[in-house]
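Scroll down for the structure; my scribbles are underneath it.
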Amino acid sequence: MRYWFSAILNGFGGYIGALAVPLCAVLLLKATPAQMGMLGAAAAMPFALFALPAGVVLDRNRKLPILLASKAIQASALFSIPAAYWLGVLSVEWMYAVAFATGACNVVGGGAEQIFLTNLIGRERLMDAQSKFAATDSASRLLAPGLAGLLIQWLTAPYAVLLNAFGFVLSILLLRDLKANDPQPAPSDKHPLRDIRDGLHFIWRQPLLRTLAWSVGAWHMLFYGYAALAVLFATRDLGMSAGMLGVAQMIGGLGVLASAMMLKPLTQRYGASGTILIGVGLTTVAFTLTPMIPARLFGYPAASAAACAALSFFLDCGVMLFFMPYTAVRQKVTPDAYLGRMVSTMRFLTIAVAPIGALAAGYIGEHFSVRAGMGCVAVGGIVLTACMAMAPALRDAGQPAAAVP
């Protein structure tokens, strides 16, 4: 229950920060499309730099201390945004540094959190737990963006970030003395580079993990490209205010709730692989239709905002239907001794390429148009969905892990 409440706090604060941080750059600092691409790239770069060594650290140490330390650093980085704004020194470069710091914590702390949850509840209950987490997460997704929109219009975006920072502080207080299955791993005399090599080798030998690595990596490239331009598109092309953006993201929360209700029946009927494909397909629908929204749909700007909100429903529902079975399947087919390296290596392989998508979308948005950049993301999404549907390994999702020497 304490872990669950901590997750609610982080989710609620995270949804506020997800709206407030880019709006700091767009509304206060007048960031260009290229700068928004750099901001997205800064958040993803730590996965390329730290994900592989993080796997070794996670397999050789208890997970809870790592998790708490990462939350403390994230809170400090987020607190620095309103402090810099109050002192008059907030800049786009400052936002890059915060994005990089929080991204680095997501690499290490996020991996520790996934393994800690697996140890806490067991592998067989992981899919059911993910569904329950999604149900509570949907409540945060429904309420937090609307509150964020009001706070941003009332206090300005930098101060709205404070709620995200306080969420991490409260999470630390809840988890700091949590009694759970978090043993100290046996000491290893292997060189860390050998451990990294073994983690890569394990994933390469698993057809399912290998297929998931390239497909999820391609999807992250597209998603980071989309995310780099989405706030710019909504505020400058569609004329949406912070409050309207908050309402649109609240509609996305209904998508999270729908995914929580649909996950179990979809998995039972179509299996994990089928559910993953449905999720990818829904995100592609959002990628494709969003840049087609005119500034005045049917002659009304409000209709354009409503269309944007409706597509956020499909995007959020698709993301959850994609990642919940993906996370559960990869944990299920990996032995305990490889969990840390598998999680971190997969995060390296799937997110290290994300800066390419953010930078490319930002470049196209800067030199052509924001719609053109989002249109390129849409084409990539259609191609990726078709390639994943034809991948043989996805049809065997959930098969037992191969023997590990």
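The values are calculated or read from the model by the stated rules, or taken from the named source; none is laboratory data. As the structure is a prediction and not an experimental result, all values here were calculated from the model. Using ideal geometry, Cβ is built from the backbone for each residue, glycine included, and neighbour counts are taken over all protein chains shown.
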Do we have any residue at all in the stretch 52-64 that's out of contact with any Lys or Arg (no Cβ under 7 Å at 6 or more places or on another chain), of a type in the set (Lys, Arg) and surrounded by 24 or more Cβ atoms within 10 Å (Cβ to Cβ)?
yes
Unmet requirement for ALA43, which otherwise passes all of (1) within 25 Å of TYR159 (Cα to Cα); (2) surrounded by fewer than 22 Cβ atoms within 10 Å (Cβ to Cβ); (3) under 20 Å from the mean Cα position of the chain (by Cα):
(2)
Look at ALA372 and say whether it is part of a helix (DSSP H, G or I) and surrounded by fewer than 18 Cβ atoms within 10 Å (Cβ to Cβ).
yes
Give all pairs with beta carbons closer than 6 Å in which a residue from the stretch 238-251 that is touching a residue at least 12 places away in the same chain (Cβ under 8 Å) and farther than 14 Å from ALA20 by Cα meets a residue that is polar (S, T, N, Q) and surrounded by fewer than 24 Cβ atoms within 10 Å (Cβ to Cβ); count only pairs at least 6 apart in sequence or on separate chains.
LEU238/SER304
Report the residue count in the stretch 164-186 for those that are at pLDDT below 85, of a type in the set (A, V, I, L, M, F, W, C) and either within 20 Å of TRP86 (Cβ to Cβ) or surrounded by fewer than 14 Cβ atoms within 10 Å (Cβ to Cβ) (or both).
1
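Are any of the residues in the stretch 319-334 of a type outside the set (Lys, Arg), assigned to a helix (DSSP H, G or I) and within 14 Å of ALA227 (Cα to Cα)? Lay out the reasoning, then the answer.
First, pick out the residues of the stretch 319-334 that are of a type outside the set (Lys, Arg): 319-329, 331, 333-334.
Cutting the leftovers down to assigned to a helix (DSSP H, G or I) gives us 319-329, 331.
Filter once more, keeping what is within 14 Å of ALA227 (Cα to Cα): 319.
Scanning the stretch 319-334, I find at least one residue that is of a type outside the set (Lys, Arg), assigned to a helix (DSSP H, G or I) and within 14 Å of ALA227 (Cα to Cα), so the answer is yes.
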